[in-house]
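Novice: So that we are looking at the same thing, I have put the structure below in C-alpha cells.
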Amino acid sequence: MKKFTLLLISIFATWQLANAQIQQGNVLVGGNLSNINLGLNDPKIFSLNITPKAAWFIVDNVALGAYVNLGIQTAKRSNTTVSYGAGGLARYYTGSDVEILRHGRIFGEATLGIGGVNVSNGGGNTNGLDFSVGPGFAYFITPSIGLEALLKYNGLAGFGSQGYQNNLNLSFGFQVFLPGQGTASKVKSDIR
C-alpha cells in the first residue's frame, strides 16, 4: 500500500509540474548551439557558437532574462573570427490552443544587448548594439526538460570596419524549467 501511495504522489507531482513549466515564477536555464562545423577536409574549418540563457517567467508564458553569446570560427592558414554578445532576452510561449504536438509549444524570442564580431588581421570588425528576433519550437521530453529549435534574424550595428552585420541563424537548444518557489510550494501542499 505504501508503494502504491508513493506512486500516486509521484504521478500527481509530475502532472502538476508538466502543466507548470511555463507558469509565472518558474525559471528557464539552458542554452543553444549553432554554426557547428568540424571540417575534415582542407582548409579544416572549425566553428561553434554557444549561447547560455537564463530567464524568469514574470507571468504565464512570458519570460525575461539574460543571454551570453560566444562564438569562434577558424580555419587552417586563415583568419580567426571571434564573436561575443551579452544582454537581455524576452520569450513568449503560445498557449495550448496553438499546440502542434502534444508536448510542444511555439515561442518567439527577442534579444537586445552589446556584442561584436572581430576578425583577426583587421578584416570585417563590428562592435556595438547586438539584437535578434525569431520563432522557435520547444518539445518537452519530460515535464521540466525541453529540446528546441530556434530560427533567428541576428543584427549587429555599431562601429568598426563594417557598420552593420546580419545573418539568419538556426540553432538547437536544451532548456531546463525549474519550479519557482510558488510552484514548489503548491506541489508540496497538494501532496499533503
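Novice: Restricting to region 97-123, and then to whatever is of a type in the set (D, E, K, R) and surrounded by 13 or more Cβ atoms within 10 Å (Cβ to Cβ), can you tell me which residue is modelled with the lowest pLDDT?
Specialist: Within region 97-123, the match that is modelled with the lowest pLDDT is ARG105.
Novice: Got a sec? Which of GLY122, GLY115 is touching a residue at least 40 places away in the same chain (Cβ under 8 Å) and closer than 23 Å to THR80 by Cβ?
Specialist: Details: GLY122 fails: touching a residue at least 40 places away in the same chain (Cβ under 8 Å).
Of GLY122, GLY115, the one residue that is touching a residue at least 40 places away in the same chain (Cβ under 8 Å) and closer than 23 Å to THR80 by Cβ is GLY115.
Novice: Next question. Looking at region 125-160 only, could you name the residues that are in contact with a helix residue (DSSP H, G or I) (Cβ under 9 Å, 6 or more places away or on another chain) and in contact (Cβ under 8 Å) with a residue 24 or more places away in the chain?
Specialist: Once the filter is applied, which keeps residues that are in contact with a helix residue (DSSP H, G or I) (Cβ under 9 Å, 6 or more places away or on another chain) and in contact (Cβ under 8 Å) with a residue 24 or more places away in the chain, region 125-160 yields PHE140, PRO143, SER144.
Novice: Working only within region 25-63, note down all residues that are within 21 Å of LEU112 (Cα to Cα), aliphatic (A, V, I, L, M) and either out of contact with any strand residue (DSSP E or B) (no Cβ under 7 Å at 6 or more places or on another chain) or not in a strand (DSSP E or B) (or both).
Specialist: If the condition is that a residue be within 21 Å of LEU112 (Cα to Cα), aliphatic (A, V, I, L, M) and either out of contact with any strand residue (DSSP E or B) (no Cβ under 7 Å at 6 or more places or on another chain) or not in a strand (DSSP E or B) (or both), then VAL59 is the only one that fits.
Novice: Here is a further query. Which condition number does GLN73 fail, the rest of (1) free of Cβ contacts under 8 Å to residues at least 60 places away in the same chain; (2) in a loop (DSSP other than H, G, I, E, B); (3) of a type in the set (S, T, N, Q) being met?
Specialist: Here GLN73 clears every test but (2).
Novice: For region 124-132, indicate whether the set of residues that are exposed (fewer than 15 other Cβ atoms within 10 Å of the Cβ), more than 15 Å from the chain's Cα centre (by Cα) and not aromatic (Phe, Trp, Tyr) is non-empty.
Specialist: At the first step, the residues of region 124-132 found to be exposed (fewer than 15 other Cβ atoms within 10 Å of the Cβ) are 124.
Adding the requirement that they be more than 15 Å from the chain's Cα centre (by Cα) leaves 124.
Now restrict to residues that are not aromatic (Phe, Trp, Tyr): 124.
Yes: one or more hits.
Novice: Here is a further query. So which of ILE72, ILE50, ILE45 ends up being of a type in the set (Val, Ile, Thr) and buried (at least 16 other Cβ atoms within 10 Å of the Cβ)?
Specialist: Of ILE72, ILE50, ILE45, the one residue that is of a type in the set (Val, Ile, Thr) and buried (at least 16 other Cβ atoms within 10 Å of the Cβ) is ILE50.
The values are calculated or read from the model by the stated rules, or taken from the named source; none is laboratory data. Keep in mind the model is a prediction, meaning the values are calculated, not measured. Reconstructed Cβ throughout: ideal geometry from the backbone, glycine too, with neighbour counts over all protein chains shown.
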